[in-house]
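Report on the structure given below.
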Amino acid sequence: MTVNLPKTETIPLWRKVQRENFTRIEPLLDFLECSSEIRQKVLERPGFALNLPRRLAEKIEKNNLNDPLFRQFVPMKEEQSLIPGFLNDPVQDQSFRKTKKVLHKYKGRALIVATSACAMHCRYCFRQNFPYETEEKGFDQELAYIAEDRSLSEVVLSGGDPLSLSDGTLAALFTSLDAITHIKRIRFHTRFPIGIPERIDDSFLDLLAASSKQIFFIVHVNHPRELDGDILSALKKIQSLGIPVLNQSVLLKGVNDDEKTLLALSEALIDGGVLPYYLHQLDPVIGAGHFAVDEERGPQLIRYVQENLSGFGVPRLVREEPGLPSKTFIAH
């Protein structure tokens with residue numbers, strides 16, 4: 001008698017790596033060999049949970065509160081400070097929500113909030129309070145909205161992080177978008193490969209290669225130490241498909257608000273074939289006030305990068321002002 005056993009789904013390597021993320025404070029502080037003085041400044045029960053890939057944790061200097069990667073990912077008691085002008089929804093996402101998962105702010109393009117899940121939790125995340133739709137797993141309403149609005153030519157996949165979705169889910173979404181003829185471009189906004197480059201596997205590359213649309217791949221790196229050979233090699237695989245890879249950063253106090261760091265970041269990116277795209281002024285989300293950099297500092301930093309690199313290595317300094325037809329370029 002033959003017994004047909006149910007097929008077990010193979011767990012991709014990147015999912016296994018993701019399960020090694022630090023999600024509890026004490027094991028991370030132990031791993032970083034933090035002193036009692038540092039531990040007293042850490043927020044033990046943050047409202048926005050700790051989530052840090054081991055690859056990034058391994059790049060943090062031991063017992064250093066001021067390490068630029070430590071500052072980005074470890075919750076500090078400073079987050080509890082209430083500062084005037086810092087809001088739950090600093091970019092007013094809710095005002096532009098057309099379906100549960102579509103934001104339509106700018107002409108010609110719409111953004112799908114594809115998932116609430118991320119590979120890592122950045123402490124300055126402007127969407128950390130976003131009321132994500134978690135019950136409806138599909139994108140029927142979103143695809144219907146995009147198909148109906150023929151003024152759209154570009155779809156941005158964001159979140160959360162769209163690379164948190166399985167390749168099967170992404171492939172189904174791509175197939176549906178491919179069938180919408182007025183959509184010409186698909187743009188990824190992702191930080192996933194910076195913490196887990198294993199995400200860029202053959203299966204993911206195959207679904208990118210199968211798309212009829214022009215794809216753009218935007219990563220998020222704030223400090224040159226976030227990059228390594230594995231990450232740049234993974235991004236090269238995407239570039240080999242004819243997909244431009246760009247980077248956007250956020251200007252953060254104590255992370256990248258000095259000339260040498262920003263210059264080194266741009267150099268590391270362009271040496272890897274990644275074009276610096278935007279340097280964002282911090283979106284004033286509650287809990288991130290300790291990252292704020294004075295308005296006049298950004299132009300000074302951009303001028304320094306411009307004086308030392310070719311133009312393609314200089315990001316545009318921008319601010320998001322809700323209701324305006326585009327990002328606002330900050331003169332330098």
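The values are calculated or read from the model by the stated rules, or taken from the named source; none is laboratory data. Everything numeric here is computed off the predicted structure, so don't read it as measured data. Note that each Cβ is placed from the backbone with ideal geometry, even for glycine, and that neighbours are counted across all protein chains shown. The protein model used for the area step is the full one, side chains on, heavy atoms only, and it has no ligands, DNA or RNA in it. Shrake-Rupley method; radii C 1.70, N 1.55, O 1.52, S 1.80 Å.
Taking the structure as given and computing Rg and Dmax of the Cα atoms in Å, which label from (1) 19.8, 61; (2) 22.4, 84; (3) 20.2, 78 fits? Matching the structure shown: (3). For the range 1-114, the solvent-accessible area works out to 61 Å² per residue, with a probe of 1.4 Å and every protein chain left in place. Antiparallel beta bridges, as assigned by DSSP with both residues in the range 84-232, represent about 20 percent of the total such bridges.
For PHE130, the solvent-accessible surface computed with a 1.4 Å probe is close to 20 Å², ligands and nucleic acids excluded. Rolled with a 1.4 Å probe across the full set of protein chains, the surface gives LYS327 an accessible area near 50 Å².
Put simply, the amide H of TYR106, placed in the peptide plane, has no neighbours under 5 Å, leaving out anything fewer than 5 places away on its chain. What residue among PRO75, PRO299, PRO27 has the largest mean-square fluctuation in a Gaussian network model of the chain, using Cα springs under 10 Å? Taking springs between Cα atoms under 10 Å, the residue moving most is PRO27.
Length gained on full extension, ASP271 to ASP149: 40.0 nm, using 0.36 nm per residue less the C-alpha separation.
Taking a point 7 Å from the Cα of LEU246 along the Cα-to-Cβ direction, the residues of the range 107-124 with backbone N closer than 19 Å to it are 107-113. Taking the centroid of alpha carbons for each part, the range 107-176 and the range 17-73 are 28 Å apart. Is the range 146-294 rounded, prolate or oblate when judged by the Cα gyration tensor, a ≥ b ≥ c being the square roots of its eigenvalues, rounded requiring a/c under 1.5 and prolate requiring a/b larger than b/c? Prolate is the answer for the range 146-294, as a/c is 1.5 or above and a/b outweighs b/c.
Taking trypsin sites (Lys or Arg not before Pro) across the range 108-192, the ones in a DSSP loop with at most 15 further Cβ atoms lying within 10 angstrom of their Cβ are LYS137, ARG150, LYS184. Computed over the chain with a Gaussian network model linking Cα atoms closer than 10 Å, the most mobile of LEU13, LEU50, LEU262 is LEU13. Just the number, please: percent antiparallel of the DSSP beta bridges in the range 180-332, rounded to the nearest 5. Taking every DSSP beta bridge within the range 180-332, about 10 percent pair in antiparallel fashion.
Per residue, the chain reaches -8000 deg cm²/dmol at 222 nm when only DSSP H runs of four or more residues are counted, each adding -39500 (n - 2.57). Is the range 1-150 rounded, prolate or oblate when judged by the Cα gyration tensor, a ≥ b ≥ c being the square roots of its eigenvalues, rounded requiring a/c under 1.5 and prolate requiring a/b larger than b/c? Taking the square roots of the gyration eigenvalues as a ≥ b ≥ c, the range 1-150 is oblate.
Inter-label distance, PHE96 to ALA49: 2.8 nm, where each label sits 7 Å from its Cα along the C-beta direction. Antiparallel beta bridges, as assigned by DSSP with both residues in the chain, represent about 20 percent of the total such bridges.
With a/c under 1.5 counting as rounded, go ahead and sort the range 87-141 into rounded, prolate or oblate using the C-alpha gyration tensor (a ≥ b ≥ c being the square roots of the eigenvalues; past the cut-off, prolate if a/b is larger than b/c, else oblate). The shape class here is oblate. Applying a DSSP loop filter and a limit of 14 other Cβ atoms within 10 Å to the GluC sites (Glu not before Pro) in the range 82-168 leaves GLU135, GLU136. GNM remark for the chain: springs join alpha carbons under 10 Å apart, and the peak mean-square fluctuation among GLY85, GLY298, GLY160 falls on GLY85. In this structure ASP258 has an accessible area near 50 Å², from a 1.4 Å probe over the protein heavy atoms.
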